[in-house]
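What follows is a short report on a single structure.
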Amino acid sequence: MPSRHSTFFELRDALGRPGCVVCRLAARSVRRYLEALAFESVNDLGLRASLRHARGFCNLHAWQLLDDAREPFGAGIIYRDVLNACVETLARSGGARGDLSGRGGCLACDARDRSAARYVDALVDHLNEPEIARRLEDGGGLCWRHFALGVTRGGRGVRALARAELGAIDRVGDPAWLPTRPAAAAPTAGVRAGNAAPRPTPDEEVGDPLVALVVGLRGVHGPLTTGVAARAWGPPPPAAEGAPLSEWDECRLCQRARRAVHGAAGALGADDSPGELCPPHAWMAVDLGGPAVVRRRLGPSLEHLRERVVDSADALRRAESIGVGPFALATPSGHRARGDLALRLAIGRGCVVCQAQLAAEEDGPPGRDGPLCRPHLLGLDAPSEPSLAAWRGIVADLEEYIRKNDYRFRDEPRGPEQRSPWRAAAAAAAGPGLR
Ligand SMILES: [Zn+2]
Ligand SMILES: [Zn+2]
Ligand SMILES: [Zn+2]
Ligand SMILES: [Zn+2]
C-alpha cells in the first residue's frame, strides 16, 4: 500500500485532470491490481483458491482483465480454475445451483473500494488548502458516489468538500462549461513505477461533465461499456434468438438481455421524462444518443443533489471533525450526522435500462435447450446439462490454449482454442456489459 505521502502526491497530480479524481485514481489502482494479479495468479495457489471461491470476477472486472489489462493468459489460468470448480460443483450436486454463486465477492471491486477510500481520505484531509479545493472545483468536482463517500468518512476538510462540490455542481449545470484541462501534470516516480508506457484508458476521457458528476467516470462502477463491450453495442444485435453468436459465445439470455439494453438505451432520446440511469447505461446512452439526451434525463438528479447539499449545510457543520494531528477525530454526533446525510444523498436504483434488461431476462420461458452462462443459469429453472457440457468444452480449450503458450510448443499452429479466455469469461461472468 502506498504511503500517505505518495497517496497525496498522486492525488495532487491527478487533480490537474478533469473529472472525478477519486474515480480516476481508483480505476488506475484496479488496472494495476489486475495486471499484477494476472501475473501472480499463475503461481500463487492461495490467490487462485480465493478467485475460484469467488467464481472469478464481477462482469466489469472479468472483461477489464481481458480488454483493458490485456491479460488473456492470466485470465485463462484463472478461468480454467473457476469453470472447473463450477463443473465439479454442478456434477456433484446433481444440478443444484446454489453453490455456483461466488463467496467473498469480487477481489478487484475490493481493491477499487479500498483505493477510493484511501484517496478520498487524503483529499478531505487537504481540502482546507485553497489551491486543492480550487482544483477540485475547476475539474468538475467529485462524482456523486465519491462525494457521498467523503462525507460519510469525514475528516477536517469535509465542509470545504461540500463548498467545492457545490461550486462544481453550479458549473456542470451549464452545458457550455468544460472542466479546465491544464497541461498534463508531470508524472511522479511512483505513478509510473513498474508500468509500461502509459496508454489512454477509459477513465482518461471525461465525456460530459454533468454525466461524470452524477454517475462517475466510465468503467469505474457497474459493467464495462468500453472496449469489447462498446464493440458489442456498436452494431445492432442480431434480431432473433438463435442468430449467430458473438465472438465470445454469449448464452441466449445474454443475447436477449443485450437486445433489450440496446433498445432501451437507444430509445432514451425519444422520451424526455427525467429519470435515473446507472453509470454504465448513462455512458452507453451518451454513446448511442449523444450527451444532450442524457443531460436532459439526469438534470433533475443534479438539481436534487444540489438542494441536498445546501439543505445539509447544518448537518455538515456538526459533522465537521475536530482536526487533531494527521488523523482527524470525529465526534459521535458528527459521525451520526454524516451517516444521516449519506443516506439522504443516496441515489436510488431506478435505471430504466436496467429495468428493461431485467424484464427481458425474466420474460417467458427461456427454452429448454442450449447452454447458459453461470449468472443466467443461477437465476433460472433450466436443465444444467447443456451448460455443464459447454463449460467442459471451454475448459478443454483453455488447457490447449495454456499449453500452446509454453515456448516449447510455440511453433504449433494456433486454432480456435485462442478464443477460450473470452469464451470462459462470458460463461463465468456473462457477456461484456451485461450484469
Ligand atoms: Zn468518482
Ligand atoms: Zn469487480
Ligand atoms: Zn448469459
Ligand atoms: Zn442501468
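Taken together, the values in this text are just the output of simple stated rules run on the coordinates, not laboratory data. Here the structure is a predicted model, which is why all the values come from computation and not from measurement. Glycine gets a Cβ as well: all are built from the backbone with ideal geometry, and neighbour counts include every protein chain shown.
Miscellaneous remarks
- Shape analysis of region 1-114 yields a ratio of the Cα radius of gyration to the Kirkwood radius, Rg/Rh, of 1.07.
- For the peptides 102-111, 16-25, the ranking by packing is 16-25, 102-111, with the highest mean count of neighbouring Cβ atoms within 10 Å listed first.
- Computed over region 100-142, the ratio Rg/Rh where both radii use C-alpha atoms and Rh is Kirkwood: 1.24
- For q = 0.11, 0.25 Å⁻¹, Debye-computed log10 I/I(0) when each Cα of region 81-184 counts as one equal scatterer: -0.52, -1.27
- Using a cutoff of 8 angstrom between alpha carbon atoms and counting only pairs six or more residues apart, the relative contact order for region 1-109 works out to 30 percent.
- This ranking places Trp63, Trp391 by how few other beta-carbon atoms lie within 10 Å of each, fewest first, which gives Trp391, Trp63.
- Averaging 1/r over every pair of different alpha carbons in region 130-169 and inverting the result gives a Kirkwood radius of 9.8 Å.
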